[in-house]
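The structure appears below as structure tokens.
Taken together, the values in this text are just the output of simple stated rules run on the coordinates, not laboratory data. None of these values were measured; they are calculated from a predicted model. Cβ sites come from the backbone with ideal geometry, for glycine too, and all protein chains shown count toward neighbours.
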Amino acid sequence: MKASLLLVLGCAAVLAAGARADAPEEPEALVRKVQEYAQKATAMAKTALSSVRESEAAQQARRWLADNADLAKQRLARLKEQLVELWKRTAAA
């Protein structure tokens, strides 16, 4: 999602810079405007992503993951043990 957003913003910046270019004979002005738009788009994307990271929902999700990580590890260890026992039974038969 991040890459597609930046790609769309980059394309929009190129189109906007092309539309706003004063003269087609000045490619460096066009390049400068594209760079400015790309920097603005990047800053906006970073701001949006950091606000999402700092949101209450994201903080709750991180707490939930931290709280349940040990439980998931225990279940995975139990599953491994069961698979090993099953493998041994299959090999013995």
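Here is how the numbers come out for the structure above:
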quantity: Two-site label geometry, Leu15 and Gln82: point separation in nm, points 7 Å out along Cα→Cβ; calculated: 5.3 nm
quantity: Inter-probe distance in nm under a simple model that places probes 7 Å from Cα toward Cβ, at Asp67 and Ala43; calculated: 3.9 nm
quantity: Compactness relative to 2.2 N^0.38 Å, alpha carbon Rg of region 41-92; calculated: 2.06
